[in-house]
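Working notes for the structure below.
The values are calculated or read from the model by the stated rules, or taken from the named source; none is laboratory data. Everything quoted here is computed from the prediction, not taken from an experiment. Virtual Cβ from ideal backbone geometry, glycine too; neighbours counted across all protein chains shown. Calculation scope for accessible area: heavy atoms of the full protein, side chains included, ligands and nucleic acids excluded. Shrake-Rupley method; radii C 1.70, N 1.55, O 1.52, S 1.80 Å.
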Amino acid sequence: MPLEDSPLVGFMQSKGVIVRIQFLLLGLMLALASYGIVLPNAFAAPPIFVANGSPPETPDYTYHEILACLARANAFKMPSAAFKTANEECAAKTQGLTLQDYFAMFDGCVQVLGNADKLKADCDSAIDKKLKPLFVVGGSSFSALELTVNELTTLKYGCTQLSDVKDKLRCQNGLEKLRKILQTPLPEPRPIDPPISSQEYIGIVKENPHWINSPKGDSLWLMDPMGRVVHGKDGSPISTPIN
């Protein structure tokens, strides 16, 4: 399931809202440049505002993988359409779990919640208690992940219940990644070379904005194309109120 279609992440679809946000984003990007915002560290400590209600973000390991892949492809110098393709290709190559993997497995679990209580318990344990802590900045390491056979079996069953072909395939791919992660430690991440400048990062965010609902539902937060909330210098998310 595309990120914008996930039940966990609500994007504003109204044409009028999108137009208003596009103009707002231009001002925000200019402000970001003037305040000297730098590229976020893939292994940075959690921003001070982060709480349990924060939206899922790309895990540290996977985010670093995607950035390294994009750097090797010089993708941050590409036009928007070419960058989008490169970003999708880099995300597809990751050994770590992506946001799309998580959302697909989450959606699969939603399909089994009306079944036996045992399936619901296994889904809740796998998704909420064990996988969700990975999807925060500075979150749990993949190496600490443990899932029971019943939890894996329930996730697999959930994947089979998805009706959309792309969603089902993404869910199955995510599950296959999970099995590999549980069996074999992930390798050391490759260096980000050539380095990505703050100006290149800001430019890509400006050209490829994603807006998600804030945890309180009173504003929209800006997310970069690699699946991380964009922050100002004070650590707060770049946001706009919902009228």
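Key figures for this structure:
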{"quantity": "For the range 181-217 versus the range 152-167, the gap between their alpha-carbon centres in whole angstrom", "calculated": "27 Å"}
{"quantity": "Candidate aspartates and glutamates for bridging to residue 156, where Cα separation is under 20 Å - those fewer than 8 sequence places away on the same chain excluded", "calculated": "101, 107, 117, 122, 124, 128, 146, 164, 167, 176"}
{"quantity": "Inter-probe distance in nm under a simple model that places probes 7 Å from Cα toward Cβ, at residue 150 and residue 182", "calculated": "1.3 nm"}
{"quantity": "Mean Cα-pair separation over length for the range 82-240, i.e. relative contact order, pairs under 8 Å, 6 or more apart, %", "calculated": "21 percent"}
{"quantity": "Placed amide H near residue 210: partners under 5 Å, 5+ positions off or other chain", "calculated": "223"}
{"quantity": "Set 132/168; 77/130; 130/177 screened for pairs whose C-alpha atoms are more than 26 Å apart", "calculated": "77/130"}
{"quantity": "Loop GluC sites (Glu not before Pro), the range 85-183 (other Cβ atoms within 10 Å of the site Cβ: 10 or fewer; DSSP)", "calculated": "146"}
{"quantity": "The range 99-180, accessible area per residue, ligands and nucleic acids excluded (1.4 Å, Å²)", "calculated": "50 Å²"}
